[in-house]
1. Of the residues B:M128, B:M149, which single one is in contact with a strand residue (DSSP E or B) (Cβ under 9 Å, 6 or more places away or on another chain), within 30 Å of B:G244 (Cβ to Cβ), buried (at least 23 other Cβ atoms within 10 Å of the Cβ) and not hydroxyl-bearing (S, T, Y)?
2. Let me confirm something: among B:R35, B:R23, which residue is of a type in the set (D, E, K, R) and not in a loop (DSSP other than H, G, I, E, B)?
3. When you check B:Y238 against the structure, is it at pLDDT 90 or above, closer than 29 Å to B:L364 by Cβ and either acidic (D, E) or not assigned by TED's automatic domain parsing to the domain that holds B:I22 (or both), yes or no?
4. Listed residues A:T78, A:T67, A:T125; which is under 23 Å from the mean Cα position of the chain (by Cα) and assigned by TED's automatic domain parsing to the domain that holds A:V215?
5. Inside segment B:374-399, can you point out the residues that are more than 8 Å from every other protein chain (Cβ to nearest Cβ) and closer than 23 Å to A:I245 by Cβ?
6. Hey, does segment B:197-209 have a residue that's closer than 22 Å to B:P56 by Cα, over 13 Å from the mean Cα position of the chain (by Cα), surrounded by fewer than 24 Cβ atoms within 10 Å (Cβ to Cβ) and touching a residue at least 12 places away in the same chain (Cβ under 8 Å)?
7. Against the condition of a type outside the set (S, T, N, Q), under 30 Å from A:T125 (Cβ atoms), touching a residue at least 60 places away in the same chain (Cβ under 8 Å) and within 14 Å of chain B (Cβ to nearest Cβ), how does A:Y13 come out, does it pass?
8. A:K259 fails exactly one of the following numbered conditions: (1) at the interface with another protein chain (Cβ under 8 Å from one of its Cβ atoms); (2) more than 18 Å from the chain's Cα centre (by Cα). What is the number of that condition?
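The values are calculated or read from the model by the stated rules, or taken from the named source; none is laboratory data. Note that the structure is a prediction, hence the values are computed from the model and not measured. Every residue, glycine among them, receives a Cβ derived from its backbone with ideal geometry; neighbour counts consider all protein chains shown.
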Amino acid sequence: MSKKKKIYYARTYRRIKIDMKMSILFTCLLMIPSLIVFILNIDTITQKLAQITTWVLSQVFPKESITVMNSEYSIFGTMQYVELPTTYPEFSTVCINLAICFGIYLIMELLKKTGKPIGIFLLYTVLVHVVNCVFFVFGGKEFPYTIGEYSDLYIKQQIGIWITFIVLASLVVGFMGRKAYGYKLLTFMGIMLYSMIFGAVRYIVFLFLLHEFSVLYMALLFFVIGPMFDFSYFVAIYAIFINKIIKEYDFGKRKGEWKWS
Amino acid sequence: MVVAIIKGYMVFNIILILIYVIRHFLFGINRMAGRQRLYYNDIYSSKMKSITVLIPMHNEEQVLSYVLDSLLECDYDRDRLEIIPINDNSSDRTKELLDEYHKKYEFIRPLHRDCPDRGKPVGLNDAMQIATGEIIIVFDADYRPAKDMLKQLASAFEDPEVGAVMGRVIPYNTNKNILTRLINLERSGGYQVDQQARYNLKTIPQYGGTVGGFRKDILLSTGGFNPLVLAEDTELTYRLYTSGWKVIYANSAECYEEAPETWTVRAKQIRRWARGHNQVLFRYFFKTLLTPHMNFREKLDGILLLFVYAVPFFMLLGQIASLVLFFLGEMNLFAGWWVLLFVATYCSFGNFAPFFEIGTALFLDGIMGEVFLLPLLLFNFYFYMWNISLGFLDAIADIVTKRKVKWAKTARFTEKKKV
């Protein structure tokens with residue numbers, strides 16, 4: 001009879017003892033100052049973002065007039081965004097896009113991929129883009145956004161993402177595991193830093209695409225490669241944190257901290 | 001006016017989903033750091049309860065020997081045990097195989113059903129009529145109960161308040177592909193954290209239709225399972241609570257199941273669950289609100305649990321509403337705040353358990369590595385939202401047309417046991 005090399009702790013009712021007051025305090029210390037600093041500096045942050053974006057885009061489009069605009073955003077005060085001349089799609093481009101969407105749908109049907117998660121995600125993407133295309137077939141002049149207005153929307157959306165991330169990241173790391181404050185802080189910083197960098201890069205890329213290839217792709221960029229992708233890397237960084245915590249508690253120095261009710 | 005309604009709907013959606021996020025967050029904290037409510041593991045009775053194990057089967061020749069052999073290994077007094085495999089209109093060798101078992105073991109008494117009304121609820125109803133045990137334990141045919149499973153499940157019924165008990169389900173084919181791995185994450189979050197936290201907090205642990213049991217007399221006195229309801233398990237949970245009984249969760253009673261290995265099978269399963277669960281929502285919403293047998297906490301959680309399979313449909317409408325607002329040029333107000341909708345959706349319904357709940361479960365289960373799959377739930381979110389919404393619409397169509405539901409079995413993937 002083979003013998004077990006290792007006997008694992010019974011998982012059924014195990015738990016850890018956390019200092020609830022310290023966890024709440026740590027969460028608040030992570031969340032509240034970050035929120036205050038962020039909200040008080042929205043103008044500065046968006047100004048820097050706009051400056052970087054303007055600089056990058058002026059290298060790509062040296063002849064275009066690229067300006068930084070101000071806008072009021074409810075209680076958050078002033079925020080800044082980049083204004084670019086709007087490029088509208090040619091009718092032939094709209095038709096080609098519609099044909100491509102139809103082609104993607106047909107291929108997925110033929111490959112029987114429409115019922116799979118990636119297929120459903122792609123169908124959603126295609127649907128959003130088709131609606132945008134149809135809008136330009138029948139009422140292109142009525143399209144409600146210029147690149148400047150989209151840019152304004154994007155910054156507002158990004159502010160929403162950053163505020164949500166500060167709150168959510170503080171909560172999900174703040175109560176996980178006993179102490180481990182270093183890991184928690186690192187995870188929080190990692191999420192926010194990645195979000196800042198990714199948000200900025202995406203802003204530049206989106207404005208480039210909209211100006212270069214027209215506002216036909218606006219809804220696609222806004223709905224499909226929007227907040228959902230931010231949450232993917234949020235969860236990915238959180239997963240690294242959890243894996244580290246699991247290692248600490250099952251194989252590391254914290255393995256003696258398990259309680260059984 | 002229309003824009004105002006859509007905006008109002010968006011606000012409703014955001015609030016609703018935030019409530020679920022808070023609920024699951026509290027579950028996670030409670031399970032990780034709260035005092036755990038133990039199951040009745042230490043109860044030993046000199047006279048075991050007489051039990052009947054029912055195993056609904058439809059063309060289960062591939063898997064039936066696994067579940068029966070596992071049950072034969074179970075530690076339970078043979079004179080207090082009866083096993084009734086319900087052969088429900090099988091066209092494969094299920095009947096012959098079951099008869100062979102019957103020849104070897106007298107207490108395995110197959111019920112062969114050969115009639116047009118196929119389905120789990122009617123099959124269980126017929127089997128309960130001939131069952132001799134006072135407690136009914138149910139397993140699906142693809143399950144593999146552990147040796148102490150029957151003893152564990154039966155011991156809860158020493159408590160006269162307990163109407164049903166539910167054990168923990170763990171997939172055994174987790175390494176098969178990405179789908180089975182993701183289902184394993186869901187199951188971990190759903191049982192290790194969600195069910196146990198609900199048990200800790202004395203809200204509504206749910207009887208799941210398999211790896212669980214109930215008192216036969218309650219079911220028979222209330223007319224048996226309703227064949228018009230696909231989620232007979234959820235229906236039983238609410239029937240018991242609204243009549244003053246309790247459902248108990250046994251986290252220690254671990255049983256292994258076969259997780260679906262293809263997305264097509266999973267989609268059908270999820271759609272069926274959503275349809276059944278929403279049928280129960282329509283039948284029990286007011287009963288749950290008005291019953292004198294449930295306290296405020298149970299009612300609150302009971303209502304939230306009832307809506308679990310309706311919320312993805314609300315979210316789908318939310319996505320459509322946000323598209324409409326976008327093309328009407330009315331997105332300005334929501335540009336920052338609709339993010340909350342996404343946070344909440346991803347947290348709550350990217351899967352059956354939010355990512356932080358699954359993270360907590362994997363931490364408690366001590367499962368390293370698998371946690372890196374969490375970001376893939378992004379794609380599952382659309383998959384579930386779509387299929388659950390279809391199930392929700394099915395349930396509405398059931399109510400409107402009063403059509404008879406048809407039971408569909410989940411396809412099996414295990415290779416037949418070699419004798």
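1. Numbers: B:M128 fails: buried (at least 23 other Cβ atoms within 10 Å of the Cβ).
It is B:M149.
2. On the way: B:R35 fails: not in a loop (DSSP other than H, G, I, E, B).
Answer to the check: B:R23.
3. Yes.
4. After ruling out the rest, the residue left standing is A:T78.
5. B:L376
6. no
7. On the way: of a type outside the set (S, T, N, Q): yes; under 30 Å from A:T125 (Cβ atoms): no; touching a residue at least 60 places away in the same chain (Cβ under 8 Å): yes; within 14 Å of chain B (Cβ to nearest Cβ): yes.
Spelling it out, it is not the case that A:Y13 is of a type outside the set (S, T, N, Q), under 30 Å from A:T125 (Cβ atoms), touching a residue at least 60 places away in the same chain (Cβ under 8 Å) and within 14 Å of chain B (Cβ to nearest Cβ).
8. Result: A:K259 passes all but (1).
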